[in-house]
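Q: Handing you a structure now.
The values are calculated or read from the model by the stated rules, or taken from the named source; none is laboratory data. Since the model is a prediction, treat every value here as computed from it, not as a measurement. FYI the Cβ positions are ideal-geometry reconstructions off the backbone, even for glycines, and counts take in every protein chain you see.
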Amino acid sequence: MQSIKLGRTFIMAAALGLFPALALAADKPTADEAKKVIDYYYHGKGLSPVLVETRICHDIQHDGDDKNECAGDVTGQPIKKGDSDYVWMAFMAPNGSDAQPVIVQLELNGAVRWVRNISVSGGLRTRTWLKHTFDKPGAWKLKISLDTGTSVTPLGTMDLNVQE
C-alpha cells in the first residue's frame, strides 16, 4: 500500500509542477505535460487533491473577471503584527472525486497556534481561503495537509515572517 501512496504522491507532484504553467498560460505545455494533467483530472478518481498554489492576501476579489482571486498579494513579504490576512489556496482534484478533508495549520516558533479544516472536491481549479489575524511577531509556518483518516499527508508549507 505504501508504494501506491508514493506513486500517487509522485503523480500529484508532477501535476503540481505543471498546473501553474497552465494556469498562467505563459508557456504552452508539452503534449506529455498536458496529457499527464488530463489523465489525472479525468481518470484519477480516488487520487488525492493537488495544492496548486498558496498565497497570503490582504483581500479577495469578490466580482469581475478576477472573482475569487487573491487581491493585495503579500506572499513572501513581512506581515505586520495585527494584520488580518487571507490564506488563499488553489487546488486541483480529479473530476468526480468525493470531498477530501484538508487541514490548514499555522505554527509560531514550532507551536500550533491555529487549525482549520476544509474539504476539497473534484475540480480543475478549486479556490478557497481562510482569514487569520497574525497577533504575534515571529517565524510562522503554514502547513497544508491531506487528512486520510489514518495519517496526514503534507500538501505544502510556507514560511511567514510577522513583524512588530
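Q: Mind checking whether some residue in segment 99-121 is out of contact with any Cys (no Cβ under 6 Å at 6 or more places or on another chain) and in contact (Cβ under 8 Å) with a residue 60 or more places away in the chain?
A: Yes, some residue in segment 99-121 is out of contact with any Cys (no Cβ under 6 Å at 6 or more places or on another chain) and in contact (Cβ under 8 Å) with a residue 60 or more places away in the chain.
Q: Something else now. Only one residue in Val115, Val120 is modelled with pLDDT of 95 or more and surrounded by 15 or more Cβ atoms within 10 Å (Cβ to Cβ), so which one is that?
A: Val120
Q: Here is a check on your reading of the model: is Asp85 surrounded by 13 or more Cβ atoms within 10 Å (Cβ to Cβ), over 18 Å from Lys141 (Cα atoms), among the charged types (D, E, K, R) and in contact (Cβ under 8 Å) with a residue 12 or more places away in the chain?
A: no
Q: Ok, one more. Any residue at all in segment 125-132 that's over 25 Å from Lys36 (Cα atoms) and not hydrophobic (A, V, I, L, M, F, W, C)?
A: Yes: one or more hits.
Condition check ((1) among the polar types (S, T, N, Q); (2) not in a strand (DSSP E or B)) across all residues:
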position	(1), (2)
Leu47	no, yes
Arg55	no, no
Asp63	no, yes
Asn68	yes, yes
Gly72	no, no
Gly76	no, yes
Asp85	no, no
Trp88	no, no
Phe91	no, no
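Q: Are any residues in segment 93-127 in a loop (DSSP other than H, G, I, E, B) and closer than 18 Å to Thr148 by Cβ, and if so, which ones?
A: Pro94, Ser97, Asp98, Ala99, Ser121, Gly122
Q: Look through segment 23-57, keep the residues that are loosely packed, with under 14 Cβ neighbours inside 10 Å, of a type in the set (Asp, Glu) and at pLDDT 95 or above, and return whichever of them is nearest to Leu106 (Cα to Cα).
A: Per the stated criteria, the residue is Asp39.
Q: Within segment 98-112, does at least one residue satisfy the condition of being within 18 Å of the chain's Cα centre (by Cα), polar (S, T, N, Q) and over 27 Å from Val37 (Cα atoms)?
A: For segment 98-112, residues within 18 Å of the chain's Cα centre (by Cα), polar (S, T, N, Q) and over 27 Å from Val37 (Cα atoms): present.
Q: Please identify the pairs in which a residue from segment 58-73 that is loosely packed, with under 13 Cβ neighbours inside 10 Å has its Cβ atom under 7 Å from the Cβ atom of a residue that is polar (S, T, N, Q) and in a loop (DSSP other than H, G, I, E, B), counting only partners at least 6 apart or on another chain.
A: Matching pairs, first to second residue: Lys67/Gln61.
Q: Of everything in segment 83-117 that's β-branched (Val, Ile, Thr) and out of contact with any Phe, Trp or Tyr (no Cβ under 9 Å at 6 or more places or on another chain), which residue is nearest to Asp159 (Cα to Cα)?
A: Val112
Q: Based on what the data block shows, is Ile60 farther than 24 Å from Asn161 by Cβ and of a type outside the set (Asp, Glu)?
A: No; evaluated as a whole, the condition is false for this residue.
Q: Go through (1) surrounded by fewer than 17 Cβ atoms within 10 Å (Cβ to Cβ); (2) modelled with pLDDT of 95 or more; (3) closer than 17 Å to Ser84 by Cα one by one and return the number of the condition Glu164 breaks.
A: (2)
Q: Follow-up question, since we're still on this one. Does Val152 qualify as being farther than 24 Å from Gln61 by Cβ and surrounded by fewer than 12 Cβ atoms within 10 Å (Cβ to Cβ)?
A: No.
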